[in-house]
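This report concerns only the one structure given below.
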Amino acid sequence: MTACTLCARTAPDGEHLCLVHSGELRDWLAEIPAQARLLQEFIAPGARAAEGRPGSGRAHSPAPVDLRVLTLLGPGRYDPAGPDDDGQAPIVALLGAWAGHIAYQYPSATRDRHGVQRTQPCEQARPTEGETITGWCAWLTAYLPYARTLPLAADLHRALGHLVHRLRGLTHVEPRRYPMAAPCPQCEACALLRTDGQNTITCAVCGHQLDLTAYDEHQAAVLRAHQAAPTAV
Ligand SMILES: [Zn+2]
Ligand SMILES: [Zn+2]
């Protein structure tokens with residue numbers, strides 16, 4: 001058993017993050033594309049204004065767009081091993097650089113032109129959905145089980161945490177979390193939460209996760225146990 005790099009909880013064998021912190025990473029990767037779409041809308045009204053009003057005779061100048069939004073949605077460079085994030089890194093550059101950083105640690109089995117099998121680091125990450133915010137988030141989600149086994153997992157958590165808080169600060173949208181009635185099947189704490197728009201329920205204390213069907217079954221079992229227990233008169 002190893003300790004989580006970020007807190008006092010234990011991490012699963014061979015991993016560097018506890019279930020709570022790795023769950024946060026997964027949730028953030030699901031949230032980032034939605035936050036980016038909201039930011040796109042900040043730019044869209046300006047674009048519409050530029051088309052001009054009917055009968056006005058001339059186009060109106062676009063509404064001023066927050067430069068921070070343009071920077072976040074624009075192209076650029078980011079170095080995961082570089083100095084601390086100054087909050088200026090564009091989303092797609094930050095995600096792509098982290099994917100590249102993880103891919104470089106990933107042993108890739110290849111055959112050279114003589115047919116000899118070699119194991120070497122992946123040269124680069126290639127998201128199947130393209131090098132977009134959504135594509136990189138899907139890639140990083142798929143590689144999370146591997147990333148959790150690397151010491152860099154804590155830095156990835158910090159970088160994505162900064163990014164998500166920056167996005168929430170601009171959009172003023174934060175996913176709502178609802179407490180669930182049944183206690184956690186793992187640690188028995190009354191700390192199960194469901195996040196808006198997600199199909200999993202997570203324990204805020206131990207990080208245990210269950211899907212909606214598993215939760216319904218668990219809740220029904222808890223109810224049956226209560227009904228079977230003799231009631232004090
Ligand atoms: Zn932790
Ligand atoms: Zn729990």
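The values are calculated or read from the model by the stated rules, or taken from the named source; none is laboratory data. Quantities reported herein were computed from a predicted structural model and do not represent experimental measurements. Note that we place each Cβ from the backbone using ideal geometry, even for glycine, and neighbour counts take in every protein chain shown.
Being farther than 20 Å from Trp136 by Cβ, within 21 Å of the chain's Cα centre (by Cα) and either modelled with pLDDT of 85 or more or surrounded by fewer than 11 Cβ atoms within 10 Å (Cβ to Cβ) (or both), is that true of even one residue in the range 43-63? Looking through the range 43-63, none of the residues is farther than 20 Å from Trp136 by Cβ, within 21 Å of the chain's Cα centre (by Cα) and either modelled with pLDDT of 85 or more or surrounded by fewer than 11 Cβ atoms within 10 Å (Cβ to Cβ) (or both). When restricted to residues that are within 16 Å of ligand 1 (Cβ to nearest atom) and touching a Ser or Thr at 6+ places or on another chain (Cβ under 8 Å), the range 194-214 contains 4. Does Gln209 meet the test of being touching a residue at least 60 places away in the same chain (Cβ under 8 Å), touching a helix residue (DSSP H, G or I) at 6+ places or on another chain (Cβ under 7 Å) and more than 16 Å from ligand 2 (Cβ to nearest atom)? In short, no. Give the range 6-26 a look and list any residue that's away from ligand 2 (no atom under 16 Å from the Cβ) and closer than 15 Å to Gln198 by Cβ, or say none. Leu25, Arg26 - these are the residues of the range 6-26 that are away from ligand 2 (no atom under 16 Å from the Cβ) and closer than 15 Å to Gln198 by Cβ. Kindly evaluate Ala138 against the criterion of being surrounded by 13 or more Cβ atoms within 10 Å (Cβ to Cβ), assigned to a loop (DSSP other than H, G, I, E, B) and of a type in the set (Gly, Ala, Ser). So Ala138 fails the test.
Could we say that Ala97 is at pLDDT 85 or above, assigned by TED's automatic domain parsing to the domain that holds Leu152 and part of a loop (DSSP other than H, G, I, E, B) here? No: the conditions fail for Ala97. Ala189 falls short on exactly one of the conditions (1) exposed (fewer than 15 other Cβ atoms within 10 Å of the Cβ); (2) away from ligand 1 (no atom under 16 Å from the Cβ); (3) not aromatic (Phe, Trp, Tyr), and that condition is (2).
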